[in-house]
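The structure appears below as structure tokens.
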Amino acid sequence: MRILFLTSAHNSLSQRLWIELGERGHEIRVCIAATDEAMIAAVSREAPDLIIAPMLKIAIPEAVWSRCLSLIVHPGIKGDRGPSSLDWAIANHEEIWGVTILEAAAEFDAGPIWAAHEFALEADSPAKSSLYRDQVTEAALRGVLEAVERIESGEFRSGAWRPEKLSDASLQGSPPLRGCLRPPMRQAHRAIDWTHDGTAAILRKIRAADSAPGVLGTLLGKSCFLYGAHEEERLKGPPGEILARRDGAICVGAVDGAIWISHLKAKDDAREATCRLAEAGLGCELCDADLCPVAGIKLPATQILGPLLRGAPEASLPIDAPVDHRTFREIVYTEEDEVGYLAFDFYNGAMSTSQCYRLRDAFLHARSRPTRVIVLLGGADFWSNGIHLNVIEASADPAAESWRNINAIDDLIFEILNTMSHLVIAGLRGNAGAGGAMLALAADCVYARSGVVLNPHYRSMGDLYGSEYWTYTLPRRVGQKQALELTQSCKPIGAPAAREMGFLDDAFGEDAKAFETELRERARRLARDPELRSMLRKKHEKRLDDESAKPLASYRAEELEWMRVNFFGPDPAYHEARRRFVFKGNPPKGSPAPIGAAVERAPFVLSEGAA
Ligand code: COA
């Protein structure tokens, strides 16, 4: 079928559907739909057999749905309606939630139901973004495939099967439908009362708003949106007071304990007069940090609060401290059966200069241990998304900070590539993009959860050439032709296709738990394998051969030469693309960007010596 996606962003869910439908032979076009006119024009242009809206924040106009069957992915159970489904599900302690595939109709979210799938919600409130990338994506995929199958089999056209009308579902359902129409969740619903709310309630409020819009609050007198909440079991202190700092996060006291907040986005109250919502008398009632014209960049909390935090004690924890209580830790090292596990759960998978160096130190620690296998676990949500574009944007000199950050991630990868004492496994529990995807290739074995989406390319970030030794590691795995195709076409790939082309060694595990269980079993077996010594010897020999054919330093120098042009050259493409990305397509006016004439573009030709 010819399928058109109408979506507000081609995000991880949309990319996953694109991959899975594409693998089933469907031809898919993606329209980033911001207006009715754009949707109508896309439908006229593409003449699709079916429209799917994976994540559409606006209604599909009648001129579209009356002309072509249009299915909407709604992240709620049957009968649920409204734009804040997941927010309410988390806030209301729902135990079971789901995804419904609805036909677009005159009434928003109330069209006939094509498919509905449910899942259990964890008791200790998942963050909305994690829920979306994990269970919602899996349920949406099942629902969309089921709906497409109904169309393809002719069941629907022949009248043998009809989608369920919401009114029928409400009347005939037994037990009655739990889903109902809910209003948009406002900042007033989300507000934290530090003198009254307990830690569980605060966690729930912040997690229901993660990654957007965040919870608007005041910390040390500063207005900001709060993100990335973690429970703290040991530190205690007065409610609302900052008790400690660790790895960019702050620990805030609550009536019954404390919580960590990892990220903040500042809101400039002084400039509130320039906010059209406030002008219209709506203030922050409707405020969404992504749309707020006076909100800054989402950054580590300590960076936003800066000097206001003077006196807040540093509560650092060694990476190998026992995991015996709930707290916030970005990097955790554990050992089990001669295997060292290094988890690095960086918010959104973004790795700043200091995070890269902390991770490199942690890796060197893992390598110094008398284990035989090291498993790099990345984060639970994301494996890695490469250098930290937000921290770069916020720095006084973004070009210089980009340079420091790319060198820091290269320094980490250099150590992984030069590890001869251990076999290194990359275990991708979550998605990976750009330099984060290339980071995985530094390992000897690369495994991923079956549902992982990979974006192993840089070009869409303003023609960025990329480093991370990709010109060495990528062709070595997938061959020169495929390496060029991957880096130039900028398409997402699913784990099974990545395994097929050699990017991954294997993909398994229907969910994160199944993946990790199998991953640990494989690592354990490898550590006990009598052949391990010979595997390590062969790895060493291969590295020496490769080094004499072309030193790693040369790969790095060539990549960085192009990156220097990207960062410091006269063409501002990378700086502009980064600003658009960081400010969600809406960078503040008058922002500085290097100006200059067009410069020679990186040719994306792999250098000699690449396999
Ligand atoms: N630096 C800072 N933030 C990043 C990031 C990075 N490298 N990569 C992703 N993020 C943030 C996004 O801004 C978003 O933030 P939010 O919490 O405010 O919504 C969040 O991570 C999720 O990203 P999103 O784009 O919604 O996720 P996705 O799964 O739909 O898409 C990617 C994944 C990798 C395709 C996309 O995030 C991307 O292009 N990232 C940039 C990668 C890059 O160019 N890195 C630099 C070169 S090494």
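Where a number appears in this text, it was derived from the coordinates with a stated rule and is not lab data. Quick caveat, the model's predicted, so the values are computed rather than measured. In this analysis, Cβ positions are derived from the backbone assuming ideal geometry, glycine residues included, and neighbour counts consider all displayed protein chains.
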Exercise for review: Would you mind checking LYS236/LYS513; LYS481/LYS550; LYS128/LYS222 for any pair whose Cα atoms are more than 23 angstrom apart?
Suggested key: LYS236/LYS513; LYS128/LYS222
Point to revise | Radius, Kirkwood style, for region 70-197 when every pair of distinct Cα atoms is counted (Å) | key: 15.6
Practice item. Round to the nearest 0.05 the FRET efficiency obtained for ALA200 and LYS222 when R0 = 22 Å and r is the Cβ-Cβ distance. Key: 0.30
Check your understanding: If eta is 0.890 mPa s and T is 25 °C, what Stokes-Einstein diffusion coefficient results for the chain, Kirkwood Rh from Cα pairs, in µm²/s?
Key -> 95
Exercise for review: Starting from the coordinates of the alpha-carbon atoms of region 2-170, obtain the Kirkwood hydrodynamic radius over all distinct pairs and give the value in Å to one decimal.
Suggested key: 16.1
Revision key, fill the gap. Highest mean packing first, using Cβ neighbours within 10 angstrom, the peptides 23-30, 377-384 sort as 377-384, 23-30
Exercise for review: Calculate for the chain the 222 nm mean residue ellipticity that helices alone would give, adding -39,500 (n - 2.57) per DSSP H run of length 4 or more and normalising by residue count, nearest 500 deg cm²/dmol.
Suggested key: -10500 deg cm²/dmol
Exercise for review: Calculate, in nm to one decimal, what ARG580 and GLU152 gain on full extension: separation in residues at 0.36 nm each, minus their alpha carbon distance.
Suggested key: 150.2 nm
Point to revise | the chain: relative contact order in percent, alpha carbon pairs under 8 Å with at least 6 residues between | key: 8
Study note, to complete from the structure: With a Förster distance of 35 angstrom and the Cβ-Cβ distance between SER316 and GLU122, calculated FRET efficiency to the nearest 0.05 equals 0.75
Review point. Any idea how far apart LYS236 and GLU23 come out in nm if each label point goes 7 Å out from Cα toward Cβ?
Key: 5.1
Check your understanding: Counting other Cβ atoms within 10 Å of each Cβ, which trypsin sites (Lys or Arg not before Pro) in region 48-150 have at most 15 and sit in a DSSP loop?
Key -> LYS57, ARG67
Study note, to complete from the structure: Placing each pseudo-label 7 Å from Cα in the direction of the beta carbon, SER368 and ASP411 end up separated by a distance in nanometres of 1.6
**Study point:** Sum of side-chain charges, LEU4 neighbourhood, beta-carbon under 12 Å (Lys, Arg +1; Asp, Glu -1)
**Key:** +1
**Study point:** Stretchable slack from LYS57 to ALA160, in nm (0.36 nm times residue separation minus alpha-carbon distance)
**Key:** 33.8 nm
**Study point:** region 4-41-region 414-472 distance, computed between alpha-carbon centres (Å)
**Key:** 26
